[in-house]
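Notes to accompany the following structure.
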Amino acid sequence: MKRELTANEQEEILNTLEKRFEKNPNRHKNLEWSAVEAKLKANPKKLWSLDEMERTEGEPDVIGYDEKTKEYLFVDCSPESPKGRRSFCYDHEALEKRKEHKPANSAINMAEEMGIEILNEEQYKELQKLGKFDAKTSSWILTPTEIRKLGGAIFSDFRYNTVFVYHNGAESYYAARGFRGLLRV
């Protein structure tokens, strides 16, 4: 898989991200686009990952800055779980356990292929403070090892003005469940 964008593709994704950044100032108070853009231009592999997030309809946007690591945090901000990342079981182990009706991929595999992380429970709840996400869909979230060892996985959504965290078998998959990613730049 090609992990580099042409100069035109880089310019396209930068323009898309800049427009989204300007349209949603509540997501990144006190951050300047020029600083974000400079960091992106210095990291073309990260631009490729952001392009993959965009291609799968995640609508990535900057939601913060980590002072410790000096990284900008991009997260999928599409109103519903990204369409291009739905109908996947949780991880590769779950995918291998399915005997019939296997999904095309798993959430963990696809996130790794894209060079992003799946949101954990805390990150998912923080995202929900910036808007209403997954009011009709749900998203797999990073599952604690103890739960995964027992065959389970967790997912989350937003219903009744509340963020809910649920469990399911890791091999399950649904048309309305995808995953949201995080990219550090």
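The values are calculated or read from the model by the stated rules, or taken from the named source; none is laboratory data. None of the values given here were measured: they were computed from a predicted structure. Virtual Cβ from ideal backbone geometry, glycine too; neighbours counted across all protein chains shown. Note: areas computed on protein heavy atoms with side chains; ligands, DNA, RNA excluded. Shrake-Rupley method; radii C 1.70, N 1.55, O 1.52, S 1.80 Å.
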Keeping every protein chain present and rolling a 1.4 Å probe, give me the accessible area per residue for the chain in Å². 54 Å²
Computed accessible area, S81, all protein chains, 1.4 angstrom probe, square angstrom: 0 Å²
From a point 7 Å beyond the Cα of A135 in the direction of its Cβ, which residues of the range 72-111 have a backbone N at a distance under 11 Å? 79-80
Positive-end extreme of charge dipole, the range 38-92 - chosen from T56, L73, N43 (charges on Cβ): N43
Only sites in a loop by DSSP and with at most 12 other Cβ atoms within 10 Å count here; which GluC sites (Glu not before Pro) in the range 1-62 make the cut? E4, E32
Taking all protein chains together and a probe of 1.4 Å, list I147, I154 from the most accessible to the least accessible. I147, I154
Starting from the residue with the highest accessible area, list T162, T143 in decreasing order, probe 1.4 Å. T162, T143
Could you pull the Cα extents of the chain along its three principal axes, largest to smallest, in whole Å? 48, 39, 30
Quick calc, the chain, dipole around Cα centre from Cβ unit charges on Lys, Arg (+) and Asp, Glu (-), nearest 20 debye, gives 360 debye
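Considering Cα pairs under 8 angstrom that are at least six residues apart, work out the relative contact order of the chain and quote it in whole percent.
Normalised by residue count, the contact order of the chain is 24 percent.
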Treating only the Cβ atoms of Lys and Arg (+1) and Asp and Glu (-1) as charged, compute the dipole magnitude of the range 39-87 about its Cα centre; round to the nearest 20 debye. 260 debye
One finds, for E37 and E96 with R0 = 30 angstrom and r their Cβ-Cβ distance, a FRET efficiency to the nearest 0.05 of 0.15
